Each structure stands twice: as C-alpha cells, then as structure tokens.
C-alpha cells in the first residue's frame, strides 16, 4: 500500500523542485511511474488513502486553484514516457483505460484518471466524456465533468450546463467548477442561481465560477452571499470573487466583512480583496484590523493590503506593527508595506526592526529603508552592518546605504572599506564600483492566495 502511494504521489508531482525535497524512495517511484503504462498507473492508485491522494493533488496543483474545491487538481507532471506530449491523440488503449478509470469504484483511481485526461489534453475525448455525464453512477458523472473542465474545451459547455441540474450535489459542483475553468461566459446565467443551492460544495463552486467568468453583473449577488450565507467557506469565496472581479462597488461590503465577520478566513480574504478592488476609501478598517484582529493572518494581509494601496496616512499604523506585533510575519510584511507607502522619513520603529531577531523582518526593513531614502538613517544602517550576520540582509543594508545618499553615506562606505571583515570590504568595493549584482527584493505574496 505504501509503495503504491509513493508511486501516485511521485507521478503527480508538478515541479522537479518539489521532487528535490522528497525522500529518495519517492523520486525512485516517480521514475518507475514514468515507465509504467496508463492502466498500470491507474491500478497503482487503487486503495490509496485519501490523505495520500490529497498530498499528490497538492503537489500537482498548477496554481489555478488551491483547495477551494476538490475538482481543481490539474497536473503538469512529465508523463511523456507514458503517452507523449500534451495535445497528442492518445492510443486507443490509453484512452479506454482513462475513460474506464472515471467509472472506477475507487476514488483515487477516478481522480487520477481525470487528472491525466486533463494533463494530456486530448480533446478527441470530449464526446466520450459528455456521454459519461449521463452515466448511471453519480461518481462517474462527477468525474467526467471534472475531466471536461480540465480539458478546457468550450464545445462541452452546453452538455455541462445540463449537469448543473443533476440530482447529485457533487455533479452539480464539478459542473459549475468546470464551466468556470473553461471560462465560457455564456453560462453565467445558468451558474448564478446555484449560489442558493442547498449544498455548501455547490455554492462554493458556483461563487468561484462567477469570479472566474468575470461576471461583473453579479456583484450584488456576491455581496448578498458575503453578508448572509451560513457557510464561512462560501462567504470567503464570495469575498475572493469580488476581488477577482475588481468590483469597486463591492468595497463597502468587503470592509463590513473585515470589521465583523466571525470567521478569520473570511476577514483575511476581505482584506486581500479590498486591495484588489483599490478600496482606498476603506483604509481605516484595514488599519483597525492590523491593530486589533486576533488572527495573525488577518493582520498580515491587512498590512499587505495597505502596502498595495500605497496610502501614506497608513504609515503610523504600519510602523507600529513593524515594531511591536507579536508575529514575525506581520512585522515583516508591515515593514515591507512601509517601503511601499514611503512616508518620506523613516519611522523609528522601522529602524528598531533592523535589529529584529528574525532575518526576514530585518531584510524587509532594510529594503523599506532603501525605498524611503532618508539620509538621516545612515548611522543606523552603518551600525546594523557591524552586527548583521545574514548575507542577504547585509546586501540589503548596502543597497539602503547607496540609496540614502548624502555625505554620511561616503563616510559609511569608507568605514566599510577599512573593516577587518573581508566580505564587508568586498561588498563596499563592488557597490562603489557599480557592480551590485541582484539586490534582495522581498515581495511578500499575500495569504490567502488569490485562488481560494
């Protein structure tokens, strides 16, 4: 069982970089999977525990959607040893094996079959897949809908729309997801009513599809969902969809959710979405969340959003967070955001953050100071250079010194040239010679990721 699990996880790995951190048996299993035929690979998935299948799916994600719905598990693994390049017509045997796999009584086999269909991209399978939308088994219908979404062929939209009314919730959910994945806006009016479906899974899929379909006429619908749906998962996705649509008329609703939703995941997504909709009139709720929210993730995303909005009046709130928040991630993101808003003068807390115990906080603080370019901070930068042990942070400090300018900068570099530390002398010489290399450029990716 464990060996089969390793083979499936390895076969679904997205990047060679992922494999580089996996144990040797997993990398060996990937090589074995690459040499297997499709039927053998599907058989290896039989009986694999859901946790292992989920691990494989997470490693295989292509960034299109990170966990809002189980169907979105498309793969770009290197499977040329099995079937050839993406888009090539599959052999009859491979096609038959994959289509049969969609009707398997084993969930992991169904998942793997659909994933491979999407990865390999043979659109000649579309007619066979649409036929399976009428199969007696709900599991097979759901798997066929997912596979059609992964193929991304708009010619299947009409058939998938009929499945939006399927008696099985999983089929409705996968069908809504598939239409969002395909991106066929003709189906918006068919998707929108599903935001009132009895199934949470269907509502999540429908709301996310509206975001994917750029359904700007449905912002009011999404705002109602954000305000009143009983499921935090659905409300969170509604906040994401409003941000995805860049719906400025949704900013007030997002701010209200940030202030008062009882679920931290919803508040976090609302903070992210406020930046996406350019909600500069709603800086106050973001500042309040940065100071007061109990969730580290909400505070960090609020700091990120304030940095994205580049509102100078948020500098005091960001400086306070950079200097004293209990979370290193919040302190680092707040420091980064100060560089974004550029208050003109370096806040005292940002200078204190140059001595933070966390490397990333110090790095982002040095970067922020290089953006602010305050000539008065050269002594603090020079002092930080004397005690800093991290090469990346030291490099960021040198950049900050160069950007700060003024007579004090020349004195600082003269002091570096006289340093007993060889690396310090080399950094000074390279910087003064204009050979500065690739400066550290921290850019915190917000959590939650844009795909809920």
(message) If I go through the range 104-142 residue by residue, how many of them are closer than 16 Å to residue 44 by Cα and outside any helix (DSSP H, G or I)?
(response) 3
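Per-residue answers, yes or no, for (1) within 20 Å of residue 446 (Cα to Cα); (2) under 16 Å from the mean Cα position of the chain (by Cα):
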{"residue": "227", "(1), (2)": "no, no"}
{"residue": "242", "(1), (2)": "yes, no"}
{"residue": "265", "(1), (2)": "yes, yes"}
{"residue": "268", "(1), (2)": "yes, yes"}
(request) Assess whether residue 157 counts as being modelled with pLDDT of 95 or more and over 26 Å from residue 48 (Cα atoms). (result) yes
(message) So the check is Cβ under 6 Å with 6+ separation or different chains; which pairs have a first residue in the range 289-301 that's within 16 Å of residue 256 (Cβ to Cβ) and a second one that's surrounded by fewer than 21 Cβ atoms within 10 Å (Cβ to Cβ)?
(response) 298/264
(request) Kindly check whether there is at least one residue in the range 60-71 that is in a helix (DSSP H, G or I), closer than 30 Å to residue 201 by Cα and at pLDDT 50 or above. (result) no
(request) Scan 357, 346, 334, 383 and give me the residue that is assigned to a helix (DSSP H, G or I) and modelled with pLDDT of 95 or more. (result) 334
(request) Quick one: residue 205 ticks every box in (1) out of contact with any helix residue (DSSP H, G or I) (no Cβ under 6 Å at 6 or more places or on another chain); (2) assigned to a helix (DSSP H, G or I) except a single one, so which number is it? (result) (1)
(request) Would you please name the residue that is surrounded by the most Cβ atoms within 10 Å (Cβ to Cβ), looking only at residues in the range 297-313 that are more than 21 Å from the chain's Cα centre (by Cα) and within 19 Å of residue 370 (Cα to Cα)? (result) 311
(request) Would you check if residue 383 is touching a helix residue (DSSP H, G or I) at 6+ places or on another chain (Cβ under 9 Å) and under 13 Å from residue 334 (Cα atoms)? (result) no
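Any residue at all in the range 404-418 that is modelled with pLDDT of 70 or more, more than 25 Å from residue 345 (Cα to Cα) and more than 35 Å from the chain's Cα centre (by Cα)?
Yes: the range 404-418 contains one or more residues that are modelled with pLDDT of 70 or more, more than 25 Å from residue 345 (Cα to Cα) and more than 35 Å from the chain's Cα centre (by Cα).
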(message) Between 329, 362, which is over 16 Å from residue 392 (Cα atoms), assigned to a helix (DSSP H, G or I) and modelled with pLDDT of 95 or more?
(response) 329
(message) Looking at 254, 306, can you tell me which residue is assigned to a helix (DSSP H, G or I), touching a helix residue (DSSP H, G or I) at 6+ places or on another chain (Cβ under 6 Å) and over 30 Å from residue 390 (Cα atoms)?
(response) 254
(request) For residue 159, indicate whether it is assigned to a helix (DSSP H, G or I), surrounded by 17 or more Cβ atoms within 10 Å (Cβ to Cβ), more than 30 Å from the chain's Cα centre (by Cα) and in contact (Cβ under 8 Å) with a residue 12 or more places away in the chain. (result) yes
(request) Out of 442, 452, report the one residue that is modelled with pLDDT under 70, surrounded by 15 or more Cβ atoms within 10 Å (Cβ to Cβ), at negative phi and not in a helix (DSSP H, G or I). (result) 452
(message) Taking the conditions exactly as written (surrounded by fewer than 21 Cβ atoms within 10 Å (Cβ to Cβ), over 30 Å from residue 185 (Cβ atoms) and modelled with pLDDT of 90 or more), does residue 131 satisfy them or not?
(response) no
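The values are calculated or read from the model by the stated rules, or taken from the named source; none is laboratory data. Keep in mind that this is a model prediction, so the values were computed, not measured. Counting neighbours? That spans all protein chains shown, and the Cβs are built from the backbone with ideal geometry, glycine included.
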